[in-house]
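K.L.:
My questions all concern the structure below.
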Amino acid sequence: MRLVILDNYDLASEWAAKYICNRIIQFKPGQDRYFTLGLPTGSTPLGCYKKLIEYHKNGDLSFKYVKTFNMDEYVGLPRNHPESYHSYMWNNFFKHIDIDPNNAHILDGNATDLQAECDAFEKKIKEAGGIDLFVGGIGPDGHIAFNEPGSSLVSRTRLKTLAMDTILANAKYFDGDLAKVPTMALTVGVGTVMDAREVMILITGAHKAFALYKAIEEGVNHMWTVSAFQQHPRTIFVCDEDATLELRVKTVKYFKGDNPQVNHCTSLILSQFGFYKTFTF
C-alpha cells in the first residue's frame with residue numbers, strides 16, 4: 001500500500017491522471033490487447049478526467065484500445081437524466097476522447113432483471129481479462145462505489161440500498177431535494193474491485209479526512225469498506241493535504257518521503273514504472 005500526498009486537489013488530480021496515462025502507454029494496448037480501466041463518478045475524479053482529456057487532445061494519449069467499466073449506477077433514473085452516471089461519464093469524459101462506445105461499460109439501472117444485469121457485468125469484466133487498473137473514490141463514511149458501511153468485503157456486483165449519509169451527500173446534485181435522490185443503486189462489489197491488478201483511490205478534502213484515517217491507520221473493517229484495500233498487493237491512495245488532517249504526523253512524514261529510505265524506495269518505484277520516460281511527476 002502506498003499513500004501519495006499532494007498539496008491540493010488540482011495537483012492530486014494531475015498526479016492521478018499522469019499515473020493512468022503512464023499505465024496505459026506502458027501497457028502498449030492494441031487491437032488484440034486492450035487495457036481495462038475501472039472508473040468512478042462523483043466530484044472527486046472530475047479534475048483527473050479533465051487532465052486525461054487534455055492529454056488526449058494534445059496527442060499524448062489514446063483510448064482507442066481501452067475498455068472501461070464504471071463502478072455504479074442509480075436504479076430507476078432514466079439514462080438521459082442529467083444526474084445519471086451514464087450522463088456524467090459521457091458529458092465529463094467519454095464524448096471528449098476517442099473511446100469506442102461499445103467499450104465503455106456502465107450498469108443499466110433500468111434493466112428488467114437487475115440481478116441478471118449485475119451478473120452480466122461481472123461476466124463482461126471476466127471476458128475482458130479482468131481490470132488492469134481500478135480507479136475509485138470514497139464517501140465521507142469510507143464507502144467505495146456504493147458499498148455502504150456493513151457491506152461484505154468479498155461482495156460482487158449487486159443491488160444495494162443507499163445509506164442515509166449517501167443520500168444526504170448526493171442531494172446537492174438533485175436541487176437539495178431528498179425526495180428526488182434515488183435510494184437504490186447497482187454497484188460493483190468490494191471483491192470485484194479487489195480482483196483488479198491495481199487499485200488507485202482518490203481522496204480529497206477535509207470532509208474525507210476521517211475516512212482516510214480509517215482506511216490506512218486502523219484495521220480492516222466492513223463498516224469502512226475502503227479499509228479492505230490495505231490487503232490489496234497494489235493499492236495507491238492519492239490525496240491532498242486537507243484529507244490528511246486526521247492522520248498522525250508520523251504517518252504523513254513517512255509517506256511524504258521525509259524518511260530517506262522511503263524517498264529512495266519511491267524513486268526506485270517511479271523509475272521501475274517508467275514515470276520519468278513519459279509523464280514526470
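K.L.:
Got a number for the accessible area of Thr161? Probe 1.4 Å, square angstrom, nearest 10.
P.N.:
Spelled out: Thr161, probe radius 1.4 Å, area about 90 Å².
K.L.:
Could you sort Lys51, Lys126, Lys253 by accessible area so the largest value comes first, with the probe set to 1.4 Å? Each step should come with its number before you reach the end.
P.N.:
On the way: Lys51 45, Lys126 170, Lys253 110 Å².
Descending accessible area places them as Lys126, Lys253, Lys51.
K.L.:
What do you reckon, how do Trp90, Trp224 stack up by accessible area (1.4 Å probe), largest on top?
P.N.:
Values: Trp90 80, Trp224 45 Å².
Sorted descending by solvent-accessible area, the residues read Trp90, Trp224.
K.L.:
With runs of 4+ DSSP H residues as the only contributors, calculate the mean residue ellipticity of the chain at 222 nm using -39,500 (n - 2.57) per run, divided by the residue total and rounded to the nearest 500. Mind dumping the intermediate values first?
P.N.:
Details: 9 runs with 95 residues, N = 281.
Mean residue ellipticity, 222 nm, calculated: -10000 deg cm²/dmol.
K.L.:
If contacts are Cα pairs under 8 angstrom and at least 6 residues apart, what is the relative contact order of the chain in percent? Provide the component values of the computation, followed by the final result.
P.N.:
Numbers: 528 pairs, mean separation 66.7, N = 281.
Dividing the mean separation by the residue count of the chain yields 24 percent.
K.L.:
Extending each Cα 7 Å along its Cβ direction at Asp7 and Asp165, get the distance between those two points in nm, one decimal.
P.N.:
Taking the simple label geometry, Asp7 and Asp165 are separated by 3.2 nm.
K.L.:
I've got another one for you. I'd like to check one number: the per residue accessible area of the chain, probe 1.4 Å, reported in Å² as a whole number.
P.N.:
Details: 12750 Å² over 281 residues.
I get 45 Å² per residue for the chain.
K.L.:
Right, next: Applying 1/(1 + (r/R0)^6) with R0 = 35 Å to the Cβ-Cβ distance of Asp175 and Lys253, what FRET efficiency is obtained, to the nearest 0.05?
P.N.:
Details: r = 43 Å, r/R0 = 1.24.
About 0.20, to the nearest 0.05.
K.L.:
On full extension of the chain, what length is gained from Thr112 through Asn92, given 0.36 nm per residue of separation minus the C-alpha to C-alpha distance?
P.N.:
Working: separation 20, 0.36 × 20 = 7.20 nm, distance 2.75 nm.
So the chain would gain 4.5 nm between Thr112 and Asn92.
K.L.:
Hey, what's the per residue convex hull volume over the C-alpha atoms of the chain, in cubic angstrom? Don't skip to the end; give the middle numbers.
P.N.:
On the way: hull volume 34.3 nm³, N = 281.
Once divided by residue count, the hull of the chain is 122 Å³.
K.L.:
Continuing with the same structure: How much FRET efficiency would the formula 1/(1 + (r/R0)^6) give for Arg197 and Glu54, where r is the Cβ-Cβ distance and R0 is 30 Å, rounded to 0.05? Walk me through the intermediate numbers first.
P.N.:
Details: r = 26 Å, r/R0 = 0.87.
For Arg197 and Glu54, the calculated efficiency is 0.70.
K.L.:
Still on this model: What relative contact order, as a whole-number percentage, does segment 58-216 give when Cα pairs under 8 Å and 6 or more residues apart are counted? All intermediate terms of the calculation are to be shown ahead of the outcome.
P.N.:
Details: 246 pairs, mean separation 44.2, N = 159.
The value is 28 percent.
K.L.:
Just by accessible area at a 1.4 angstrom probe, what is the order of Lys28, Lys160 from largest to smallest?
P.N.:
Values: Lys28 155, Lys160 40 Å².
In descending accessible area the options line up as Lys28, Lys160.
K.L.:
Taking a label point 7 Å from the Cα of Glu127 along the Cα→Cβ vector, which residues of segment 79-117 have an amide N closer than 16 Å to it?
P.N.:
101-108, 116-117
K.L.:
From zero up to wherever the largest Cα-Cα distance of segment 40-99 sits, split into 10 Å bins and tell me the percent of pairs in each.
P.N.:
Taking every Cα pair in segment 40-99, the percentages come to 22, 52, 23, 3.
K.L.:
Give me the net charge of Gly109's neighbourhood, meaning all other residues with Cβ under 12 Å from the Cβ of Gly109; Lys, Arg count +1, Asp, Glu -1. Intermediate results must be reported in sequence, preceding the final value.
P.N.:
On the way: positive: Arg79, Lys160; negative: Asp72, Glu73, Glu83, Asp108, Glu117.
Summing Lys/Arg as +1 and Asp/Glu as -1 gives -3.
K.L.:
Now for a different question. Please give the solvent-accessible surface of Val190 in Å², to the nearest 10, using a probe radius of 1.4 Å with every protein chain present.
P.N.:
Per-residue accessible area (Val190): approximately 0 Å².
K.L.:
Just to verify a number: FRET efficiency for Ala120 and Arg79, C-beta to C-beta distance, R0 = 22 Å, to 0.05?
P.N.:
Details: r = 16 Å, r/R0 = 0.75.
FRET efficiency, Ala120 to Arg79: 0.85.
K.L.:
Same structure, new question: Most mobile of Tyr254, Tyr34, Tyr74 per a Gaussian network model of the chain (Cα springs, under 10 Å)?
P.N.:
The residue with the greatest mean-square fluctuation here is Tyr254.
The values are calculated or read from the model by the stated rules, or taken from the named source; none is laboratory data. From a predicted model like this one, the values you see are computed outputs, not experimental measurements. Neighbour counts are summed over all protein chains in view; Cβ atoms, including those assigned to glycine, are modelled from backbone coordinates with ideal geometry. Please note that ligands, DNA and RNA were not included when accessible areas were found on the heavy atoms of the full protein model with its side chains. Shrake-Rupley method; radii C 1.70, N 1.55, O 1.52, S 1.80 Å.
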